[in-house]
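Worksheet: the structure to be examined is printed underneath.
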Amino acid sequence: ACAAPSASANPVSSTDGPTDGKLLSREELIEVFKSLCQGTDGKGGKVVGLVGYPNVGKSSTINSVLQQKKVAVSATPGRTKHFQTLAVDGDLTLCDCPGLVLPSFVSSKAEMVCNGVLPIDQMRDHEGPINFVSHKIPRHVLQRTYGIMLPQPHEGEDPNRPPLPVELLMSYGYVRGFMTSKGVPDCPRASRIILKDYVKGKLLYCHSPPGIDEASFQIPVEVKEMRPIDSDNDPRIPHALKMARRADTSQVDAAFFHEAEPKAVYLGRSAAPKVDGFPGAAQASGDMTVVYPGGKPWKKHHNRHKTEKTRRIVKGYCE
């Protein structure tokens, strides 16, 4: 048996080998697996195992080769829990195993968290990954994406320095309302949301292609400042808002703020005057009196014989 390391485990040398960095179809990938493995399993077949970091596509590659979902996949690292073998044909068998986090001097633990290798919800230190994100994503992109205002560097500091982790987390926590019981922003909760946005691509960062300098490739994009809206001729103003500004509001203001005449309102049936011998409720407005002979129509409890009426209906129904 032989092992085929994942291409994402070592991106520097991903173009070296029999594929030369080009995309392969299913049939071509199967031929590459067979050409890489020189030994057999004792029965004439070849066994190829996929080994690499978590969440780099080992299980997804197996499902693509088999053209159906044979193994479970997830965006969260550590979805594959045990070793399993799957037969492609009579001559080739693929092995899927959990991801292996090996000691590495190339990438730190913070980089593994930001690259999706280690689960974000299980991290213990959030300052390292957030510091990595703040160095990769420009300041204006963070401010525009989350609608926050990051503190400017103090006097004597580099004016182009990236924001500190505590500055980014405190600003985001205040805006979103993530506060602890002590009244300070919840930095661990804010860091998990920002790191998940970075892993999912909401905070987009592109690595330079092979052979191109990283510093020259990551040129910050100039952001145009938004000019204030000071006239109705600005094309950014909607047409309905322009018409509303030009409309005469004097009549609306006069109708709203006019002085209403005082009215005398009688509350209750006993306090209302009797008109033509009929007790009822009356409302006086100036010289005109409105009389409700049957009582107030908005009152529903004036029927005192409701129980007796219901009794007669039930009696007649039973007979």
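Of the cross-linked pairs Lys46/Lys200; Lys46/Lys70; Lys70/Lys196, those separated by over 30 Å at the C-alpha level are Lys46/Lys200. The fraction of accessible area contributed by carbon and sulfur in the range 91-141 is 55 percent, rounded to a whole number (1.4 Å probe; ligands and nucleic acids excluded).
May I ask you to order 118-125, 28-35 by the average number of other C-beta atoms within 10 Å around their residues, highest value first? Working shown, then result.
Numbers: 118-125: 13.6, 28-35: 15.1.
Per-residue mean Cβ counts within 10 Å order the peptides as 28-35, 118-125.
Annotation: amide H of Cys37 has no partner in the under-5 Å range at sequence separation 5 or more or interchain, hydrogens built in the peptide plane. Using the 1.4 Å probe convention, the accessible area of the range 92-166 works out to 60 Å² per residue with neighbouring protein chains retained. Dividing the C-alpha radius of gyration of the range 62-121 by 2.2 N^0.38 Å, with N its residue count, gives 1.38. Under 1.5 on a/c is rounded, so check that first for the range 159-200, then, if it is not, pick prolate when a/b is larger than b/c and oblate when it is not; a ≥ b ≥ c are the square roots of the alpha carbon gyration tensor eigenvalues. Oblate, because a/c is 1.5 or more while a/b does not exceed b/c.
Work out, in µm²/s and without decimals, the Stokes-Einstein translational diffusion coefficient of the range 42-82 at 20 °C, 1.002 mPa s, Rh from Kirkwood over C-alpha pairs.
187
The values are calculated or read from the model by the stated rules, or taken from the named source; none is laboratory data. Being a predicted model, the structure only gives us computed values, none of them experimental. All Cβ positions, even for glycine, are placed from backbone atoms using ideal geometry, and neighbour counts span all protein chains on display. Each accessible area value is taken on the protein alone, full model and side chains, heavy atoms only, with ligands, DNA and RNA left out. Shrake-Rupley method; radii C 1.70, N 1.55, O 1.52, S 1.80 Å.
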